[in-house]
Each structure stands twice: as structure tokens, then as C-alpha cells.
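The values are calculated or read from the model by the stated rules, or taken from the named source; none is laboratory data. Remember, predicted model here, so these are calculated numbers, not experimental data. Here the Cβ positions follow ideal geometry from the backbone for every residue, glycine too, while neighbour counts run over all protein chains shown.
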């Protein structure tokens with residue numbers, strides 16, 4: 001019985017998912033968060049609630065496949081440096097989202113206007129970490145296919 005080699009499929013899938021993740025992350029960094037930062041005090045609660053409701057399904061739609069394809073890549077190409085680069089970058093994005101960005105959004109939903117600027121600054125800094133993670137993940141995927 002022949003064993004199917006799914007290595008090429010795993011690596012191409014990782015490249016596509018990592019590229020999609022970076023595109024999403026750059027959109028959040030360059031478009032979504034700056035727009036949120038311009039929302040006035042009276043419109044803030046509704047704007048932030050809409051943002052949270054709309055972005056949550058996208059985060060799930062990107063992060064679940066990202067985690068799955070990283071695991072698949074680790075199983076099919078465990079010795080490659082690109083695998084570990086992709087894993088580190090992907091983990092940086094996923095963990096910083098779950099551990100820092102999501103709780104910050106929870107606090108932003110109820111914070112008084114005077115404290116929002118500081119929390120948005122914190123969110124911007126963690127967003128930079130997530131973006132770096134997405135870049136590193138994509139670099140690992142590219143290295144695997146080089």
C-alpha cells in the first residue's frame with residue numbers, strides 16, 4: 001500500500017493561511033484600529049460593540065485554520081527551520097491575541113473616555129506584536145517552500 005505524501009499540500013496550505021493572516025492583521029493595524037481611535041466619546045460604546053461583533057467571526061475563521069495548519073506542518077516537516085519559524089510567529093500572534101488583545105477589548109467596552117486613550121495605546125502595541133508574529137509565520141512558510 002502506498003503512503004500519501006501530504007507534505008506539499010501542508011506547506012502550500014500554510015503559505016496561503018499565513019498570507020491571509022498577515023493580510024488580516026495589516027488591515028486591522030492600518031485601517032480598523034486607526035478608525036476606532038477616531039471615534040468620539042458619545043459614539044464609542046456602539047462603535048466598539050459593532051467592531052467586536054463583526055471581527056470575532058473573522059478571528060475564528062483565521063486563527064482556527066492557522067493553528068491546525070501549523071500543527072499539520074509540524075507533523076509533516078518537523079525538522080525544518082521554516083516550520084519552527086512559522087510556529088513561533090503563529091504562536092506569538094495567537095497567544096498575544098488571546099492573552100492580551102482580547103482582555104484589552106473587554107476593558108475598552110466599559111472604560112471611561114479618559115482612560116480609553118491609554119488602553120488604545122496598549123492595544124496598538126500588542127497589535128504590533130501580533131503583526132510581527134504574522135510576518136514571522138509567513139517568512140517561515142516561504143522558507144519551507146524555497
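If you go through the stretch 1-39 and keep only what is modelled with pLDDT under 90 and either over 25 Å from residue 80 (Cα atoms) or within 14 Å of the chain's Cα centre (by Cα) (or both), you end up with just 1.
Counting only residues that are farther than 16 Å from residue 139 by Cα and part of a helix (DSSP H, G or I), the stretch 68-83 holds 5 of them.
If the requirement is being surrounded by fewer than 18 Cβ atoms within 10 Å (Cβ to Cβ), at pLDDT 95 or above and under 22 Å from residue 127 (Cα atoms), which of these qualifies: 99, 47?
Numbers: 47 fails: at pLDDT 95 or above.
So the residue among 99, 47 that is surrounded by fewer than 18 Cβ atoms within 10 Å (Cβ to Cβ), at pLDDT 95 or above and under 22 Å from residue 127 (Cα atoms) is 99.
If I ask for residues that are without any contact (Cβ under 8 Å) to a residue 24 or more places away in the chain and within 18 Å of residue 34 (Cα to Cα), which ones from the stretch 112-146 would you list? Passing the criteria: 114, 115, 117, 118, 119, 121, 122, 125.
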